[in-house]
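The values are calculated or read from the model by the stated rules, or taken from the named source; none is laboratory data. Treat the numbers as computed from the prediction; the structure is a model and nothing was measured. Virtual Cβ from ideal backbone geometry, glycine too; neighbours counted across all protein chains shown.
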Amino acid sequence: MALIALLAGDGIGPEVTAEARRVLEVLDLGLTFEEAPVGGAAYRAAGHPLPPETLDLARRADAILFGAVGDPAFDMLERAFRPEQAILGLRKELGLFANLRPARLFAGLEDASALKPEIARRIDLVIVRELTGDVYFGEKGRRTTTEGLREGNDLMRYDENEVARIARVGFETARTRRSILLSVDKANVLETSQLWRDVVVEVSAGYPDVTLSHMYVDNAAMQMVRDPGQFDVIVTGNLFGDILSDQASMCAGSIGMLPSAALDSAGKGLFEPIHGSAPDIAGQGKANPCAAILSAAMMLRHSLAMPERADRIEAAVAAAIAGGARTGDLGGTLSTTAMADAVLAGL
Ligand code: NAD
Ligand code: IPM
Ligand code: MN
């Protein structure tokens, strides 16, 4: 019996993870759920966004189903106590370096995409985002310069091992798809990126069956809205991957549709929508639960060896969308629960 750590978090996190849990429970997979506070909710309850008990549960669990963290009420706190430190801490402490963020257009969502329907229809890609390095985890500082100016700094850094292991995930992921890998960097300006590119090229020697190319991140952002259908697998650093995945979501219809998996080297994972706590719609029953439900499907596929159940959930989401089920972000009027009901109807 697998143990699932259910970390709902803040804002719409509890609303969407409740629906993902409902879908998993209907499938009767013999999962045990254990909940713990995380993010702003944990700060309120325990004075820390990632209490030791929550981290311990995450370590003990076979997989982690995560909602979202972030609360404007805590944006003024010292960084170490902000809700976002919970998800950053979980990724770092558990070694979840490989972030898979698939983006595809479910048939029927052409109208919801920011792109023209014939262009939107072509999007079917995976962003392989490095998740425990880069400017996110380099040294940070604030100081006052000799001229009396306030200065802030965040060190962007990668070592070659960190790049090589995420590059391998990129190549392996490409092998399961169309065998086309694009590495996105900013090697024309950043030394971190030149190392990234050098190492990706070295790793490519082990994958002669995968076609590798490179693109600067600014061009990649432009190409993502010009024609996302050109991409199969994109491997990139933490910051660029964060930005490009939100952008890809709107090509596919909504940020409420994109799931993700954050995996360690042994296949243990944390599964969460790519979106945040959405304070603007929290508590109103408006959030689209599909990203959370699809994250649960990724959990079954990647951490619990139940790929056919994952397929079933994804097919049920596709059927609900094809049948016209739409939350507000997709131009409809369904509540969070009603949208999940539409998915459940297809199971
Ligand atoms: P966000 O993703 O929370 O919201 C951006 C916009 O998308 C909002 O208008 C929101 O209403 C909408 N949206 C997001 N998810 C939706 C859904 N499921 N259904 C319908 N609409 C949805 O990004 P933000 O506003 O920049 O950040 C809000 C908070 O969330 C911040 O504190 C941020 O740090 C945090 N955040 C957390 C995570 C995470 O926990 N992994 C991810 C991103 C942002
Ligand atoms: C995400 C979020 C996080 C990130 C924040 C909340 C730390 O934007 O999961 O995409 O930047 O990785
Ligand atoms: Mn993000």
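Worth a mention:
- Filtered by the rule that a residue be farther than 22 Å from M1 by Cβ and small (G, A, S), the stretch 46-98 gives A46, G47, G67, A68, G70, A73, A80, A86, G89, G95, A98.
For every residue, the table says whether it meets (1) at pLDDT 95 or above; (2) in a helix (DSSP H, G or I); (3) within 15 Å of ligand 3 (Cβ to nearest atom).
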residue: D209; (1), (2), (3): yes, no, no
residue: H214; (1), (2), (3): yes, no, no
residue: Q223; (1), (2), (3): yes, yes, no
residue: G229; (1), (2), (3): yes, yes, no
residue: F240; (1), (2), (3): yes, yes, yes
residue: L244; (1), (2), (3): yes, yes, yes
residue: A248; (1), (2), (3): yes, yes, yes
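- Considering the stretch 55-83, and only residues there that are within 15 Å of ligand 1 (Cβ to nearest atom) and among the acidic types (D, E), the residue that is nearest to E35 (Cα to Cα) turns out to be D71.
- Total residues in the stretch 46-84, condition surrounded by 21 or more Cβ atoms within 10 Å (Cβ to Cβ) and within 23 Å of G267 (Cα to Cα): 10
- Residues located in the stretch 225-244, provided they are within 12 Å of ligand 2 (Cβ to nearest atom) and under 21 Å from R175 (Cβ atoms): G241
- Qualifying residue in the stretch 122-133 (condition: buried (at least 21 other Cβ atoms within 10 Å of the Cβ) and away from ligand 2 (no atom under 16 Å from the Cβ)): yes
- Some residue of the stretch 268-289 being within 16 Å of ligand 2 (Cβ to nearest atom), part of a helix (DSSP H, G or I) and buried (at least 24 other Cβ atoms within 10 Å of the Cβ): no
For (1) in contact with a helix residue (DSSP H, G or I) (Cβ under 9 Å, 6 or more places away or on another chain); (2) over 23 Å from E162 (Cβ atoms), each residue gets a yes or a no:
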position: D227; (1), (2): yes, yes
position: V235; (1), (2): yes, no
position: L244; (1), (2): yes, no
position: D280; (1), (2): no, yes
position: C290; (1), (2): yes, yes
position: I313; (1), (2): yes, yes
position: A316; (1), (2): yes, yes
position: A322; (1), (2): no, yes
position: L330; (1), (2): yes, yes
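- Residue within the stretch 55-67 that is in contact with a Lys or Arg (Cβ under 8 Å, 6 or more places away or on another chain) and among the charged types (D, E, K, R) present: yes
- Filtering the stretch 93-105 to residues that are within 16 Å of ligand 3 (Cβ to nearest atom) and closer than 17 Å to V38 by Cβ leaves only L96.
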